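Each remark here refers to the structure printed beneath this line.
The values are calculated or read from the model by the stated rules, or taken from the named source; none is laboratory data. As the structure is a prediction and not an experimental result, all values here were calculated from the model. Backbone-built Cβ (ideal geometry, glycine too); neighbour counts: all protein chains shown. Surface areas here come from the heavy atoms of the whole protein model, side chains and all, with no ligands, DNA or RNA. Shrake-Rupley method; radii C 1.70, N 1.55, O 1.52, S 1.80 Å.
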Amino acid sequence: MTPLQLSRLIADAAEEKKARAVVRIDIRQRTSIADYFVICEGDTDRQVRAITDSILDTCREQGVRPLRTAGYQEGSWVVLDYASVIVHIFLPGERAYYDLETLWRAPRKRVAAGGANGETAKPRRKPTPRKATTRKVSSR
């Protein structure tokens with residue numbers, strides 16, 4: 001099973017348990033720790049555990065087991081490490097706090113000097129260094 005197929009399988013398993021805002025992020029060009037992140041959330045710690053169980057069961061049926069699992073007992077942020085795919089299942093407050101989507105999203109592309117509508121951008125000028133000035137200080 002390829003990492004892409006595994007990430008899709010995991011996302012589908014999460015959606016079966018009504019996980020909210022399921023996101024798959026391709027991180028291959030940004031790090032070597034994994035190929036994809038799958039991020040989702042559940043409304044309660046009980047739902048977070050149910051989503052986790054669904055992912056574990058679905059993957060196990062395909063012969064895939066995680067290398068490591070963390071956070072299951074607390075149920076506020078569960079991490080499943082499938083080597084090429086790392087799964088994060090959050091409570092909403094935890095997800096907003098850590099904001100992995102913003103941290104790992106692709107950098108924005110810069111607009112070329114011509115601009116979006118053909119305008120030419122003015123070249124930036126280097127600031128001119130200011131001359132050192134001497135002030136007379138009167139002593140009274």
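For segment 46-67, give me each residue that is open to solvent by 40 Å² or more (accessible area, probe 1.4 Å) and small (Gly, Ala, Ser).
Selection gives Gly63 alone.
Looking only at segment 38-95, which residues are of a type in the set (Phe, Trp, Tyr) and farther than 14 Å from Ala19 by Cβ?
Correct list: Tyr72, Tyr82.
Please specify each residue of segment 68-93 satisfying the condition of being open to solvent by 60 Å² or more (accessible area, probe 1.4 Å) and of a type outside the set (Ser, Thr, Tyr).
If the condition is that a residue be open to solvent by 60 Å² or more (accessible area, probe 1.4 Å) and of a type outside the set (Ser, Thr, Tyr), then Arg68, Gln73, Glu74, Trp77 are the ones that fit.
Inspect all residues belonging to segment 6-21 and state whether any of them is closer than 19 Å to Gly93 by Cβ and within 13 Å of the chain's Cα centre (by Cα).
For segment 6-21, residues closer than 19 Å to Gly93 by Cβ and within 13 Å of the chain's Cα centre (by Cα): present.
For segment 1-26, what are the residues that are open to solvent by less than 10 Å² (accessible area, probe 1.4 Å), under 14 Å from Ile86 (Cβ atoms) and touching a helix residue (DSSP H, G or I) at 6+ places or on another chain (Cβ under 6 Å)?
Correct list: Ile10, Ala14.
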